[in-house]
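Data first, discussion second: the structure below is written as structure tokens.
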Amino acid sequence: MTTLADLLKEQLDQREFILPAAFDLTATFFFAITGALAAMRRHHDYVGLFALAFVAGVGGGLMRDGIFIQTGPPAAVSDGRYILAVLGACVVGSIIGHRIERFRRAIAVLDAVGLGAYAVVGVQKSLSAGLSIPAAILVGIINAAGGGILRDLLVREEPLVFKPGQFYVVAAVIGCVLFVALTVLAGWSAPLAALVAIAVTFLCRIFSIVFKWETSAVRPWFTKPPPEG
């Protein structure tokens, strides 16, 4: 009997979605810049600068490949171009970091594209490795947001993705679920489903910034009324 996971894996095997290397490295570069800027704001030395840039740029991929998939050395360390991209972000951050703040909107746009792309790639690689659909969605989310979580933990801050605020993880969840739905239920090819999922994730993230869509803090459903008198 063919299961839902088997059907999806068959769809993915027909035409695997592969993130173009140039875009992958560019997204890694800009993600790494956010880590470099965080290190500079805290007056870290060059070791701290590289460490934060590295985890911000490739942390999600390391968690995906090293913890969940485990099919060999993570792409971030088997392909030297990723480390070169991180080093480039460190150089750019240290030279013009004080001027990058004016380009925050441009970086936010690139970050939004990368968010959807890495979410989809995380799901696709996880399913190809035999993970279940819910697990693959979880890995896709971690692939997209894991670098930011590691960056914040290293500087002893509560991760931004855990706080009430603009849609970030929510946008990644939408992209992951949409990719699965389009490939399984609609029977779309993996590349086409990926492009649509990335576009929807991008729009969700950008709209949350423009229109200030925000998540809210969790509160008890039932609370006792304040005492009278």
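The values are calculated or read from the model by the stated rules, or taken from the named source; none is laboratory data. All values derive from a computational prediction rather than experimental measurement. For neighbour counting, all protein chains shown are included, and Cβ atoms are generated from backbone atoms with ideal geometry for every residue, glycine included. Heavy atoms of the whole protein, side chains included, go into the accessibility calculation; ligands, DNA and RNA do not. Shrake-Rupley method; radii C 1.70, N 1.55, O 1.52, S 1.80 Å.
Could you tell me whether any residue of the stretch 88-96 is open to solvent by 40 Å² or more (accessible area, probe 1.4 Å), modelled with pLDDT under 80, farther than 21 Å from G146 by Cβ and not basic (K, R)? Checked the stretch 88-96: at least one residue is open to solvent by 40 Å² or more (accessible area, probe 1.4 Å), modelled with pLDDT under 80, farther than 21 Å from G146 by Cβ and not basic (K, R). Would the stretch 108-123 turn up any residue that is at pLDDT below 85 and either of a type in the set (D, E) or not in a helix (DSSP H, G or I) (or both)? For the stretch 108-123, residues at pLDDT below 85 and either of a type in the set (D, E) or not in a helix (DSSP H, G or I) (or both): present.
So how many residues does the stretch 46-61 have that are without any contact (Cβ under 8 Å) to a residue 24 or more places away in the chain and either open to solvent by less than 50 Å² (accessible area, probe 1.4 Å) or at positive phi (or both)? Spell out how you get there, then give the answer.
At the first step, the residues of the stretch 46-61 found to be without any contact (Cβ under 8 Å) to a residue 24 or more places away in the chain are 47-48.
Subsequent filtering for residues that are either open to solvent by less than 50 Å² (accessible area, probe 1.4 Å) or at positive phi (or both) retains 48.
Of the residues in that region, 1 qualify.
Annotation note: Cβ proximity below 9 Å between a residue of the stretch 173-185 that is closer than 12 Å to I133 by Cβ and a residue that is open to solvent by less than 10 Å² (accessible area, probe 1.4 Å) and of a type in the set (S, T, Y) (sequence gap 6+ or interchain) occurs for C176/T201.
Evaluating F30 against the criteria (1) surrounded by fewer than 19 Cβ atoms within 10 Å (Cβ to Cβ); (2) in contact with an Asp or Glu (Cβ under 7 Å, 6 or more places away or on another chain) leaves one unmet condition, (1). Candidates in the stretch 71-82 are the residues that are over 18 Å from the mean Cα position of the chain (by Cα) and either in contact (Cβ under 8 Å) with a residue 24 or more places away in the chain or buried (at least 19 other Cβ atoms within 10 Å of the Cβ) (or both); of these, the one that is farthest from G48 (Cα to Cα) is T71.
Does any residue of the stretch 183-195 turn out to be within 18 Å of the chain's Cα centre (by Cα) and closer than 29 Å to G35 by Cα? Yes; the residues of the stretch 183-195 include at least one that is within 18 Å of the chain's Cα centre (by Cα) and closer than 29 Å to G35 by Cα.
Out of all the residues in the stretch 195-217, which are part of a loop (DSSP other than H, G, I, E, B) and touching a Pro at 6+ places or on another chain (Cβ under 9 Å)?
Step one: list which residues in the stretch 195-217 are part of a loop (DSSP other than H, G, I, E, B), which gives 211-213, 215-217.
Answer for the stretch 195-217, where residues must be part of a loop (DSSP other than H, G, I, E, B) and touching a Pro at 6+ places or on another chain (Cβ under 9 Å): T215, S216, A217.
For A186, indicate whether it is out of contact with any Lys or Arg (no Cβ under 6 Å at 6 or more places or on another chain), surrounded by 21 or more Cβ atoms within 10 Å (Cβ to Cβ) and either hydrophobic (A, V, I, L, M, F, W, C) or assigned to a loop (DSSP other than H, G, I, E, B) (or both). Against the criterion (out of contact with any Lys or Arg (no Cβ under 6 Å at 6 or more places or on another chain), surrounded by 21 or more Cβ atoms within 10 Å (Cβ to Cβ) and either hydrophobic (A, V, I, L, M, F, W, C) or assigned to a loop (DSSP other than H, G, I, E, B) (or both)), A186 does not qualify. Taking the stated definitions as given, is G130 surrounded by fewer than 17 Cβ atoms within 10 Å (Cβ to Cβ) and at pLDDT below 85? The answer is yes for G130.
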